């Protein structure tokens, strides 16, 4: 689905949302959802919108410094900090509903643990989350919606004249509208260098081409075991995730824990924290993220523990290397920390192929940079702290 031409969004380094003063109601559900996505009035102190943590100018991720080097997000109260990194909202609409597939594997959903079955459930989460947008309940959120005459008119047009007679239905309608906006091509343009390469509009350089070969290789890396949706590489609309869940041995982010109030000995169980999952074998597993815009949406892992994309590749490479050098985290100069949960590691996927030398590591990073949407390519050379 494409954003209608009438949608008043322009991207020029950062997003500007034009007011709809001349309209009595929005023309489409997507346009309504667009305004809701940017509306700070849907937070307790009117300081935070969906776009605050999913900034369209920064790959739909949170580029704010916050605390702990921006690894976790700051709430509407200007004090609360989460324990997980805000994932990009780009391409999120392609994740299937959360389910257990025929092979007995959990797939899909939203958030790092899939606790929201779909995009609508995800959109309904932050407004009433006490450490995010902070409104006390659905009723308070719906009351905020009714402050806006355009919202009232549009909700009645799209969801029925009596929509505000039922708080739950009105709240769900808000989430559905936001989800409709997130399903538009604005969030998933598929216009990166890789996409242009597939269309014959861009020629990969030698390093990018090597990285692509390595990425899709069953002999050298097997990255595509988890980061490929289509059965064959080189297919259009590839999201670079199969939406499965894995424990890759990510350590605790002690820097975040030191400032967010979460006890240092707390264990994030990942998929096992999903209320629909009651299987200890799922502890420590997190959803495989899309690699779209990965080069401009640092920090990395579910808890934001790594700040550089090359570090992530080195982290994976440590499973296949016996070199003492490869057992050192370049960001700390110390040995890689132990996994938060050492059980249930996806060793079958992690221990594949030979150790990679610097040339191949750099090539993989170069290839992943080609997955950056065209409008974010200028961010590739711009430090995170200097972004708008």
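The values are calculated or read from the model by the stated rules, or taken from the named source; none is laboratory data. Please read all numbers here as calculations on a predicted model, not as lab measurements. In this analysis, Cβ positions are derived from the backbone assuming ideal geometry, glycine residues included, and neighbour counts consider all displayed protein chains.
Numerical summary
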item	result
Region 187-202 residues that are under 16 Å from residue 380 (Cβ atoms), paired with ones that are assigned to a helix (DSSP H, G or I) (beta carbon under 6 Å, 6 or more apart)	191/374; 202/193; 202/196
Residue list for region 333-358, filter: in contact with a helix residue (DSSP H, G or I) (Cβ under 8 Å, 6 or more places away or on another chain), more than 22 Å from residue 253 (Cα to Cα) and either modelled with pLDDT of 95 or more or in a loop (DSSP other than H, G, I, E, B) (or both)	352, 355, 356
The one condition in (1) touching a helix residue (DSSP H, G or I) at 6+ places or on another chain (Cβ under 8 Å); (2) closer than 30 Å to residue 151 by Cα; (3) at pLDDT 95 or above; (4) in a loop (DSSP other than H, G, I, E, B) that residue 64 fails to fulfil	(3)
Sole residue being closer than 26 Å to residue 96 by Cβ and free of Cβ contacts under 8 Å to residues at least 12 places away in the same chain, chosen from 273, 265, 358, 279	279
Lone unmet requirement of (1) modelled with pLDDT of 95 or more; (2) under 23 Å from the mean Cα position of the chain (by Cα); (3) under 27 Å from residue 375 (Cβ atoms) for residue 172	(3)
Among (1) touching a strand residue (DSSP E or B) at 6+ places or on another chain (Cβ under 9 Å); (2) at positive phi; (3) at pLDDT 95 or above, the one test that residue 298 misses	(2)
In region 147-159, residue nearest to residue 49 (Cα to Cα) [restricted to those that are under 31 Å from the mean Cα position of the chain (by Cα) and in a helix (DSSP H, G or I)]	151
Any chance residue 132 is assigned to a loop (DSSP other than H, G, I, E, B), more than 28 Å from the chain's Cα centre (by Cα) and not assigned by TED's automatic domain parsing to the domain that holds residue 367	no
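Residue by residue, here is whether (1) in contact with a strand residue (DSSP E or B) (Cβ under 8 Å, 6 or more places away or on another chain); (2) surrounded by fewer than 22 Cβ atoms within 10 Å (Cβ to Cβ); (3) in a loop (DSSP other than H, G, I, E, B); (4) not assigned by TED's automatic domain parsing to the domain that holds residue 55 holds:
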site: 113; (1), (2), (3), (4): yes, no, yes, yes
site: 161; (1), (2), (3), (4): no, yes, yes, no
site: 168; (1), (2), (3), (4): no, yes, no, no
site: 174; (1), (2), (3), (4): no, no, no, no
